[in-house]
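This report concerns only the one structure given below.
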Amino acid sequence: VRSIQPEPGKTIVLIIGLGDSETYGPNRRGDAFPSEPIPGLLGADDVLTKHYQSYDNALVYRHHINHDPAGAIGKVIKAFWNPYMRRVEVVESFDHDKAPDLLEQVTSGQPLAKSMGCLVPYDICTVCGNRAENRAEYCPHLRYQMNKILPDGRRVFAFNDKPKFFDISFVT
């Protein structure tokens, strides 16, 4: 971090990319990113702590409009695993000319809302262990009960293995 130097016309921000599911639970969409192996579901090489560095190649967008890299408003400079907070922290920069409103938000101390985008090989159901490559392959739990708490106390969500981060968007 000490070697990162500001560039003219760009602002550097430190954001929380995401927290692990053991500490923070799944996100609002029902996606969970474990940092520890889960016997029978996720191996030691499948977890967030082995894949967070893929953020280093991610671009900064608005609202996940990420199909064309020319539409990016910035880039990730470096991603770090914070073992004390059990989360990925991301240093990124954005271009003032492409996002003057964000510059105003940062300089006035307003909070910035962020959302990440990643690809995973499977969404793995916490109830039945079904591995779905896409939503069409979802089991009934993930299809109809995402983020619900079952009568036996289990919460329905998807473990995401081997995440490859490509997008960290400003959202409203």
Mind running the shape call on the range 93-151? Use the C-alpha gyration tensor, a ≥ b ≥ c as the square roots of the eigenvalues: rounded below 1.5 for a/c, prolate if a/b tops b/c, oblate otherwise. prolate
Rolling a 1.4 angstrom probe over the protein chains, ignoring ligands and nucleic acids, what is the accessible area of HIS141 in square angstrom, nearest 10? 50
For the range 66-116: rounded, prolate or oblate by the Cα gyration tensor [a/c cutoff 1.5]: oblate
Would you work out if the chain is rounded, prolate or oblate? Take a ≥ b ≥ c from the square roots of the eigenvalues of the alpha-carbon gyration tensor; rounded if a/c is under 1.5, else prolate when a/b is larger than b/c, oblate otherwise. prolate
Run the 1.4 Å probe and let me know the accessible area of ILE77, rounded to the nearest 10 Å². 60
Which whole-number percent gives the relative contact order of the range 56-99, counting Cα pairs below 8 Å spaced six or more residues apart? 35
Listed by chain and number, the aspartates and glutamates with an alpha carbon less than 14 angstrom from that of LYS162, same-chain partners under 8 positions apart left out, are ASP20, ASP31, GLU36, ASP45, ASP46, ASP123, GLU133
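The values are calculated or read from the model by the stated rules, or taken from the named source; none is laboratory data. These numbers were taken from a predicted model, which means no experiment stands behind them. Surface accessibility is based on the protein's heavy atoms, side chains included, excluding ligands, DNA and RNA. Shrake-Rupley method; radii C 1.70, N 1.55, O 1.52, S 1.80 Å.
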